[in-house]
Amino acid sequence: RSESATIQLEGKSSAYLRELKCKHVGQLNFILHLNAFKVQPLPNKGIPSWTNATELKPFHREMDFLRVKVNPIDETVTNMPYVNAQNVGLANVEEGNINGKSFLIETKSIERSCFNKDPSARLLRHEYSKYMKNIPMSFM
């Protein structure tokens, strides 16, 4: 699976693509491997994709862990913690709920390594859906 996003942060926009590989490791646990690439979309297109990227530069790599917890009293309610670590020295914990064929997760904490500056983003919101072609992302 791949996704594209345009990030608006502090008046600047940046486009990137992510390649996502997901592995089930048992007991409602998943490992996600993500490779992100900075791109410059074609003029007048506005939306980057694997096929129209004029430049594809490595951006960062991510390793994610996703666990699903079903509520024993109400099986329609499922909570999920999502832990993300990046090779650029950032890590974040996100939590959310599954709703049918989609789930929404939001940041609970973002941390950095000792030699990185504080991250500009304070809140990440990801929505994943089985049927969506592009995954909306919000950064605040």
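No value in this document is a laboratory result; all are computed from the given coordinates. The model shown is predicted, which means the values in this text are computed figures rather than measured ones. Reconstructed Cβ throughout: ideal geometry from the backbone, glycine too, with neighbour counts over all protein chains shown.
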Could you work out how far apart the two model spin labels at Ser120 and Val68 are, taking each label as a point 7 Å from the Cα in the direction of the beta carbon, and quote it in nm? 3.5
Counted charge near Val83, where neighbours are those whose Cβ lies closer than 12 Å (Asp, Glu -1; Lys, Arg +1): -3
Between Leu104 and Lys57, what FRET efficiency follows from the Cβ-Cβ distance if R0 is 35 Å, with the result rounded to 0.05? 0.75
With 27 Å as the limit, write out which pairs from Lys57/Lys117; Lys57/Lys101; Lys21/Lys101; Lys69/Lys108; Lys23/Lys69; Lys23/Lys117 have Cα-Cα distances beyond it, or answer none. Lys57/Lys101; Lys23/Lys117
